[in-house]
Amino acid sequence: MLSRLLREALWAPAAIALAAFVLGRIPGVDVWWFMHLAGGAAVALCYLRLIALAGRRFGTMHAGVRYVLAFALACSTALAWELTEFALDETLGSALQEGLMDTMSDLMLSVCGGAAYLAWQALSESKAQAAR
């Protein structure tokens, strides 16, 4: 299951992390807002796919439960990321967080990215089921 998860879902957050790393090194390029938005969507995709893969082993869940669970996990991941930045700033003296506005906007963009992806996916799934 892990190799399938790596192949089908973990590529998205990894690609966003790599893009953020590369784009963050280019002077004058400020796309942090897009990276957080896309990162939220990528993490939501990853969790939704993980839930689908786990459903094959443990049984499927109602679609609403899958989407709420994926959203909750994506939000928890965004919060964990910001808490990690805070911990690193406090222990190592780094400056990953630039203040409350930076932290809150990062969280809001990540949550909005996750919600937007899950809404799009739910609508796509609903249209596909209606067409059958």
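The values are calculated or read from the model by the stated rules, or taken from the named source; none is laboratory data. Keep in mind it's a predicted model, so treat the numbers as computed, not measured. Positions of Cβ are generated from backbone atoms using ideal geometry, with glycine treated the same way; all protein chains shown enter the neighbour counts.
Determine whether Leu48 is in a helix (DSSP H, G or I), buried (at least 16 other Cβ atoms within 10 Å of the Cβ) and either charged (D, E, K, R) or modelled with pLDDT of 90 or more (or both). Answer is yes for this residue. For region 54-109, a residue qualifies if it is part of a helix (DSSP H, G or I), surrounded by 11 or more Cβ atoms within 10 Å (Cβ to Cβ) and either over 21 Å from the mean Cα position of the chain (by Cα) or β-branched (Val, Ile, Thr) (or both), and the qualifying residues are Val65, Val68, Thr77, Thr84, Asp89, Thr103.
Leu118 meets each of the listed conditions (1) farther than 19 Å from Ala20 by Cβ; (2) surrounded by 12 or more Cβ atoms within 10 Å (Cβ to Cβ); (3) modelled with pLDDT under 95 apart from (3).
Right, Phe21: surrounded by fewer than 12 Cβ atoms within 10 Å (Cβ to Cβ) and either of a type in the set (Val, Ile, Thr) or within 20 Å of the chain's Cα centre (by Cα) (or both) or not?
Judged against the criteria, Phe21 is a match.
The single condition from (1) without any contact (Cβ under 8 Å) to a residue 12 or more places away in the chain; (2) more than 11 Å from the chain's Cα centre (by Cα); (3) more than 22 Å from Trp32 (Cα to Cα) that Gln121 fails is (1). Against the numbered list (1) surrounded by fewer than 12 Cβ atoms within 10 Å (Cβ to Cβ); (2) within 16 Å of the chain's Cα centre (by Cα), Trp32 comes up short only at (1). Determine, yes or no, whether Val43 is in a helix (DSSP H, G or I), free of Cβ contacts under 8 Å to residues at least 12 places away in the same chain and within 15 Å of the chain's Cα centre (by Cα). Spelling it out, it is not the case that Val43 is in a helix (DSSP H, G or I), free of Cβ contacts under 8 Å to residues at least 12 places away in the same chain and within 15 Å of the chain's Cα centre (by Cα).
Could we say that Ala38 is touching a residue at least 24 places away in the same chain (Cβ under 8 Å) and within 12 Å of the chain's Cα centre (by Cα) here? For Ala38, the condition - touching a residue at least 24 places away in the same chain (Cβ under 8 Å) and within 12 Å of the chain's Cα centre (by Cα) - is met. Restricting attention to region 94-113, the residues being of a type in the set (Val, Ile, Thr) and in contact (Cβ under 8 Å) with a residue 60 or more places away in the chain number 1.
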